[in-house]
Structure formats: structure tokens, C-alpha cells
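A quick write-up on the structure given underneath.
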Amino acid sequence: MRVGVIVFPGSNCDHDAYHAARHVFGLETTFIWHKERELPAVDLVIVPGGFSYGDYLRAGAVARFSFIMDSVVRFAENGGHVLGICNGFQILCECGLLPGVLLRNASVRFVCKWVYLRTDNVEVPFTREAKIGQILRIPVAHGEGNYFAEASELVELERNGQVVFRYTTPEGAVKSEANPNGSSNNIAGIVNREGNVLGMMPHPERAAEHALGGNDGSVLFQSLIGGSV
């Protein structure tokens, strides 16, 4: 499987994503600069976390207009697999590949800690090696992770099974105290209708090996590899 990691000015998790894909899972991985107009031959595009373009205007708003994102959108519309992590999730919402928007955390404070996610959809390429209801311990680090969508959009997301990850207690209960940012319905990650684009605020690449304090994030990479996307 060939992986491309997008690099914007201000990206700070691009090397984390590269390390997980290349050195932990042995995948052919390349960096893709934001000024490139076409993607190389890849099977998976990772839009990493960070502060693309300094988060001017709002997180992801400027990155959405970078040259490479036009190619990423075409890639996704043609069935290519795209994983947006943290700022990458924000960018995917800004460019219309995913519904909704990421707002300032309800606390209006940056949050950086380990959280628990319940896996609510294992029918997409990113989670097929997981079990329904499986609890993952993965870190978050963001100031604008409060997922918001109109009520009608939330109904559609839930009805279509597009909510892949939800913030919960270690036991899997959906409670406000388990929600680090105020996200609607405790949503931590969603897919598009087709299931080939995933956006999530937690960082699986920072939980891909035991040396980092836990490897629950490896299930995403294992799912993609096992499915030979």
C-alpha cells in the first residue's frame, strides 16, 4: 500500500504520520508538498494534524484552497481513501468532503490528553479489523475540535452509520464528562456517505506503538493494510 502525507506550512504531525506508516507498518510512504498540483500514485492520502497556514481565519480555512487539495478532492470523489487527522479533519470539512464544522472547544481552552473512543462502525476500510463497540485509548491535542452539524445533518449521520468514533467513558458510556471538546453527540470521527473518507480529531498515529504509551491507534492502519486499499 502506498501512502501520501500532505505537508502544509504549519503542519506538525506530518512526520508523526510518516513515521507510523513507514517505520511502524513498513508502508511505502512519501511527503506531498501543498504546492503540488497532482497527487503521485498513492492508495491512501493522510491529511495530518497541525496548524496549517497558522490557522488564520479559522482552522483549515486557508488550507482548503491550497493547490494539492483540489487533487485530494478529485482523488476522494474517484473512490480514493483519505484520512484526515485533527487539523486534517478540519480541512476535510472546509473543502466539503465531510459535513459539518469544527468549532472552538466548549471550554475555550486547548485540550491535550488521552481519551476513550467507542468504535461504532466497523463496515468501513478504516475499522474493519476492529470490533463493534471496541474501546480505543487515543490522545487528542486541539483547540478547535468541537464538532458541530445542523440537526438535520446529525440525523443523517446517525441514520447512515457515518459516525465511526464517539467519545465515551472507558466502559463505553456516552457521557458529557467523556467529551473533551463539546462535540455534538460526542462525535470524534465520521466518514462520508461512501465510506472512503474519514475525519477524526484524535491522533491514531500518536498511538501506533507501545513506546508512545499505547498502540490502540494501530487498528486503523491494520484495517487499511488488511483490506489492501
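The values are calculated or read from the model by the stated rules, or taken from the named source; none is laboratory data. Predicted, not measured: the structure shown is a model, and the values here were computed from it. Every residue, glycine as well, gets a Cβ built from its backbone with ideal geometry; the counts of neighbours run over all protein chains shown.
Return the residues of the range 112-140 that are crowded, with 18+ Cβ neighbours inside 10 Å, β-branched (Val, Ile, Thr) and under 21 Å from PRO180 (Cβ atoms); say none if nothing qualifies.
If the condition is that a residue be crowded, with 18+ Cβ neighbours inside 10 Å, β-branched (Val, Ile, Thr) and under 21 Å from PRO180 (Cβ atoms), then VAL115, THR119, THR127, ILE138, VAL140 are the ones that fit.
Kindly list the number of the only condition in (1) surrounded by 19 or more Cβ atoms within 10 Å (Cβ to Cβ); (2) on the phi < 0 side of the Ramachandran plot; (3) modelled with pLDDT under 95 that fails for ALA61.
Here ALA61 meets the rest and fails (1).
Please return the ranges of strands (runs of 3 or more DSSP E) entirely within the range 57-123 where 3 or more residues are within 14 Å of the chain's Cα centre (by Cα). Don't jump to the end; show me each part of the working.
Working: elements: 81-85, 101-103, 111-119.
It comes to 81-85.
Here are some conditions: (1) farther than 28 Å from GLY79 by Cα; (2) small (Gly, Ala, Ser); (3) surrounded by fewer than 17 Cβ atoms within 10 Å (Cβ to Cβ). GLY214 meets all but one. Which one does it not meet?
Of (1) farther than 28 Å from GLY79 by Cα; (2) small (Gly, Ala, Ser); (3) surrounded by fewer than 17 Cβ atoms within 10 Å (Cβ to Cβ), only one is false for GLY214: (3).
Yes/no per residue for (1) in contact with a Phe, Trp or Tyr (Cβ under 9 Å, 6 or more places away or on another chain); (2) within 22 Å of ARG206 (Cβ to Cβ):
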site	(1), (2)
VAL73	no, no
LEU92	no, yes
PRO99	no, no
THR119	yes, yes
PRO125	no, yes
PHE148	no, no
